[in-house]
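The values are calculated or read from the model by the stated rules, or taken from the named source; none is laboratory data. Quantities reported herein were computed from a predicted structural model and do not represent experimental measurements. Here the Cβ positions follow ideal geometry from the backbone for every residue, glycine too, while neighbour counts run over all protein chains shown.
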Amino acid sequence: MEKLRTSSSADRPETRIFEECEPDDWVERRISLLELDAETPRYSTIIFTSTTTLNEPSHLPLFPDRFQPIITEDLNGSFDCEDIPNEAGQLIQHRSWSTYKIKRVVEPHKYHWTQATCYVHWDPTTSHQTVYCIDLPLAARIFLKAFTPPARRRAHDPYAWHAAFATALIPEYDRSIWGLRDLVREIEKGRLNPTALTPDFFPHLHDIARHIFHANETLEVAQHTVESLVREQIRSAGLYSPAAAAAAAAGIPNPTPTPSYNASSHYNHSYNHSHCAPAPTTSTHLSTLQTERALRALAKQLHALHTRSRSLTERLHNEINLGFNLVSQQFGHDTKSDSAMMKTIAVVSMVYLPGTFVSGLFGTNFFNFTDGDEHTWFMAGSFWLYWAVTIPLTLATMAVWAWWHYFLPAKRRTRKMPVRQRVETV
């Protein structure tokens, strides 16, 4: 064993184990998880590890079956707990875990997920606690120095660890939301730049919207997880109070009524505060009260971050609508420009078409001009054939055009109209 010393995150091992040999004095121990599990716990232990390490056939049996999906599956958050009694009805083990999901977005196509979990195993008879901090995006030394709850607060309240773990994750959630805010703000600042409306503009906006939707989801689940922790912490404070422990040892039913709890459900917790009997000792009561207040403050912080995330959704939606309007205006401007060009072509055609017609007419073989002293014009007697062919052909062309553009679409619409069935009444 060696004393906790500073080290950079680059050279810290994947799994680090610390034991509390003295109150609030954590000492790092070089030992494997399997070796640690084979020993009888002498001190409270905190383990910093990852799902990559735990997702092995040799490590999964270290945890109850209900917890293993936290390691093997991709979840957006979770909370569960169980209290294990002995044959005499005394509670001898408490297990609880909380999971949080965080998405850090650097660029619309560059991001990474974090699924952090706090698993607490508590022996109320010895007050020894084994805590797993899984995939915590924070150096072990920083967590131990800045977030570990004091020994007096967590001695009889395992939920103090959950409060500390969630507190350490709040800055990560905050950085996640502000990173998304920077992306949205960049779009807002460039709204007056017409060159920004490139073909990849809207896919870019929708990529950012997808990240914000994920942020809303994870924040809502995290807030619900902390609220579940509050309810269960209040119930646990009454369940493990000295009065309840003494009553269980004497074979008396628990004097502190507790609500029915479905342990297989992560979110179906209900509790009436009037059921909670006050703890008989002032220190224990203050410790649990401090943890409850810390959890409620965390729920409020998550609610504030969730509200900001929802406002980012509205701001981005506003930018998408603005982009559509700008594109529509650009299309209208282009259509107006095309219409002006067509009018110009029509005017030019009207100017030159009569002269072209006259020159073409006199250039046919129906007319002949002799170059001599008299400059005589001759017209063929069959000139009427020109009109006999041209006039019907022109009328036929106009008739085909009218049929194609007016009569044929009307006929198609008539065919598509549903035929109303005649309803006979008696």
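What the table below lists for this structure:
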item: Long-range neighbours under 6 Å by Cβ, at least six apart or interchain, first residue more than 16 Å from Thr45 (Cα to Cα) within the stretch 150-171, second in a loop (DSSP other than H, G, I, E, B) and not hydroxyl-bearing (Ser, Thr, Tyr); result: Thr167/Phe147; Ala168/Leu138; Ala168/Phe147
item: The lone exception for Ser337 - which of (1) of a type in the set (Ser, Thr, Tyr); (2) under 37 Å from the mean Cα position of the chain (by Cα); (3) at pLDDT 70 or above it fails; result: (2)
item: Some residue of the stretch 241-256 being modelled with pLDDT under 55, of a type in the set (S, T, N, Q) and out of contact with any Asp or Glu (no Cβ under 9 Å at 6 or more places or on another chain); result: yes
item: Which numbered condition Trp122 misses (of (1) surrounded by 19 or more Cβ atoms within 10 Å (Cβ to Cβ); (2) farther than 14 Å from Phe63 by Cα); result: (2)
item: Near pairs, Cβ below 8 angstrom, 6+ apart or cross-chain, from the stretch 316-334 (more than 27 Å from Trp178 (Cβ to Cβ)) to any residue that is loosely packed, with under 10 Cβ neighbours inside 10 Å and not acidic (Asp, Glu); result: Leu326/Pro194; Gln330/Pro194
item: The stretch 131-143, subset more than 27 Å from the chain's Cα centre (by Cα) and buried (at least 21 other Cβ atoms within 10 Å of the Cβ), residue modelled with the highest pLDDT; result: Val131
item: Flag for Met342 being modelled with pLDDT of 75 or more, farther than 30 Å from Leu229 by Cβ and touching a strand residue (DSSP E or B) at 6+ places or on another chain (Cβ under 7 Å); result: no
item: Qualifying residues in the stretch 94-119 (those that are charged (D, E, K, R) and under 22 Å from the mean Cα position of the chain (by Cα)) - the one surrounded by the fewest Cβ atoms within 10 Å (Cβ to Cβ); result: Lys110
item: Failed item, numbered, when Pro150 is tested on (1) closer than 20 Å to Arg16 by Cβ; (2) surrounded by fewer than 22 Cβ atoms within 10 Å (Cβ to Cβ); (3) not aliphatic (A, V, I, L, M); result: (1)
item: Among the candidates Thr167, Thr148, Thr130, residue that is touching an Asp or Glu at 6+ places or on another chain (Cβ under 8 Å) and either outside any loop (DSSP other than H, G, I, E, B) or of a type outside the set (Lys, Arg) (or both); result: Thr148
item: Count of the stretch 86-105 residues which are touching a helix residue (DSSP H, G or I) at 6+ places or on another chain (Cβ under 8 Å) and either under 20 Å from Ile170 (Cβ atoms) or without any contact (Cβ under 8 Å) to a residue 24 or more places away in the chain (or both); result: 10
item: Within the stretch 291-315, tally of residues that are without any contact (Cβ under 8 Å) to a residue 24 or more places away in the chain and basic (Lys, Arg); result: 2
item: Qualifying residues in the stretch 60-78 (those that are without any contact (Cβ under 8 Å) to a residue 40 or more places away in the chain and exposed (fewer than 15 other Cβ atoms within 10 Å of the Cβ)) - the one nearest to the chain's Cα centre (by Cα); result: Glu73
item: Any hit, the stretch 198-212, residues being under 30 Å from Leu289 (Cβ atoms) and modelled with pLDDT of 85 or more; result: no
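This table checks each residue for (1) modelled with pLDDT under 95; (2) in a helix (DSSP H, G or I); (3) in contact with a Cys (Cβ under 7 Å, 6 or more places away or on another chain); (4) surrounded by 11 or more Cβ atoms within 10 Å (Cβ to Cβ).
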{"site": "Leu36", "(1), (2), (3), (4)": "yes, yes, no, yes"}
{"site": "Arg42", "(1), (2), (3), (4)": "yes, no, no, yes"}
{"site": "Ser58", "(1), (2), (3), (4)": "yes, no, no, no"}
{"site": "Asp80", "(1), (2), (3), (4)": "no, no, no, yes"}
{"site": "Asp83", "(1), (2), (3), (4)": "yes, no, no, yes"}
{"site": "Glu87", "(1), (2), (3), (4)": "yes, no, no, no"}
{"site": "Ile92", "(1), (2), (3), (4)": "yes, no, no, yes"}
